[in-house]
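> Structure provided below as structure tokens; questions to follow.
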Amino acid sequence: MRNPLIDAADTHELLLEGGPSVGGDGAGPGREAANELEGAVRDVLRDRGLRYSRPREAILAFMAEEPRHVSAESLYQSLRERGEDLSLSTVYLNLGVLVEAGLLREFKGAQGESLYDASVEPHDHLICRETGEVVDVPMPLVDGVALPDFLRDHVERVTGWTVDEVHLSLRGRPKRSGGEAN
Ligand SMILES: [Zn+2]
């Protein structure tokens, strides 16, 4: 299952391939593409029972552009640089709402800080302790079952408990060319 937002961003990109807008009246293809994206974001939000707002659109559009793992602070900085007029607390508030609605995923970075991910497909993260770099790790299948489901079933069988959540925590450091291991 793909994130509906990433589909919306793809549509946006296609529309932008229509060439440079002619005339400066603000009604060219660029404006249409922006309207198209706004419409797609409205649909996505409505499907999740959420109201449209400009900060929600800005956050979702930014997150859907490319694979990203961002903190609330860095997202706030990036949006401000794009000319969005919003506060850090607005960013925090809306990130919480979007995670709750299943449109973004929250996980913990190298220092235990919250990071946000537009990919809500099952995957885990390999995190560098030194630089905080985050790499997506697709979950392997064990006996045809995704690893977290396999673990849950296994643990439930041996303990008799009901497991509500499975979190895998992976820490490491990337191989550097010319560097030595320590
Ligand atoms: Zn990820």
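> In the list Leu88, Leu93, Leu98, which residue meets the criterion of being at pLDDT 95 or above, within 30 Å of Asp47 (Cβ to Cβ) and within 13 Å of the chain's Cα centre (by Cα)? Spell out how you get there, then give the answer.
Details: Leu88 fails: within 13 Å of the chain's Cα centre (by Cα); Leu93 fails: within 13 Å of the chain's Cα centre (by Cα).
Exactly one of Leu88, Leu93, Leu98 is at pLDDT 95 or above, within 30 Å of Asp47 (Cβ to Cβ) and within 13 Å of the chain's Cα centre (by Cα), namely Leu98.
> Shifting gears a bit: Of all residues in region 120-132, count the ones that are within 12 Å of the ligand (Cβ to nearest atom) and among the charged types (D, E, K, R).
Filtering region 120-132 down to residues within 12 Å of the ligand (Cβ to nearest atom) leaves 120-127.
Next, from what is left, pick out any that are among the charged types (D, E, K, R): 121, 124.
Number satisfying all stated conditions: 2.
> Out of Ser89, Ser53, I need the residue that is in contact (Cβ under 8 Å) with a residue 24 or more places away in the chain and either not assigned by TED's automatic domain parsing to the domain that holds Arg129 or not hydrophobic (A, V, I, L, M, F, W, C) (or both). Which one?
Numbers: Ser89 fails: in contact (Cβ under 8 Å) with a residue 24 or more places away in the chain.
Just one listed residue meets the conditions, Ser53.
> For residues that are in a helix (DSSP H, G or I) and not aliphatic (A, V, I, L, M), tally how many sit in region 41-60. Give the steps one after another, and end with the answer.
Taking region 41-60 as the starting set, the residues that turn out to be in a helix (DSSP H, G or I) are 41-47, 54-60.
Then keep just the ones that are not aliphatic (A, V, I, L, M); that gives 42-43, 46-47, 54-57.
Matching residues across region 41-60 total 8.
> Looking only at residues in region 61-71 that are part of a helix (DSSP H, G or I) and within 16 Å of the ligand (Cβ to nearest atom), which one is farthest from Arg46 (Cα to Cα)?
Just the residues of region 61-71 that are part of a helix (DSSP H, G or I), to begin with: 61-65.
If we keep only those that are within 16 Å of the ligand (Cβ to nearest atom) as well, we get 62-65.
Values: Phe62: 19, Met63: 18, Ala64: 17, Glu65: 20 Å.
The qualifying residue farthest from Arg46 (Cα to Cα) is Glu65.
> Turning to a different aspect of this structure: Among all residue pairs at least 6 apart or on different chains, which show Cβ distances below 7 Å where the first residue, located in region 114-139, is free of Cβ contacts under 8 Å to residues at least 60 places away in the same chain and the second is outside any strand (DSSP E or B) and loosely packed, with under 14 Cβ neighbours inside 10 Å?
Asp124/Leu168; Cys128/Pro174; Glu133/Pro174; Met139/Pro122
> Then there's this: Have a look at Asp117, Asp136 and point out the one that is closer than 20 Å to Ser78 by Cα and either within 16 Å of the ligand (Cβ to nearest atom) or out of contact with any Phe, Trp or Tyr (no Cβ under 7 Å at 6 or more places or on another chain) (or both). Break it down stepwise before answering.
Details: Asp136 fails: closer than 20 Å to Ser78 by Cα.
The unique qualifying residue is Asp117.
> Further question on the same structure: Looking at Arg105, Arg152, Arg157, which is the one that is within 16 Å of the ligand (Cβ to nearest atom), of a type in the set (D, E, K, R) and free of Cβ contacts under 8 Å to residues at least 40 places away in the same chain?
Arg105
> Can you give me the number of residues within region 73-102 that are surrounded by fewer than 21 Cβ atoms within 10 Å (Cβ to Cβ) and within 16 Å of the ligand (Cβ to nearest atom)?
Counting residues in region 73-102 that are surrounded by fewer than 21 Cβ atoms within 10 Å (Cβ to Cβ) and within 16 Å of the ligand (Cβ to nearest atom) gives 3.
The values are calculated or read from the model by the stated rules, or taken from the named source; none is laboratory data. This one's a predicted model, so the numbers in the text were calculated from it and none came from an experiment. Here Cβ is always computed from backbone atoms with ideal geometry, including for glycine, and neighbour counts include all displayed protein chains.
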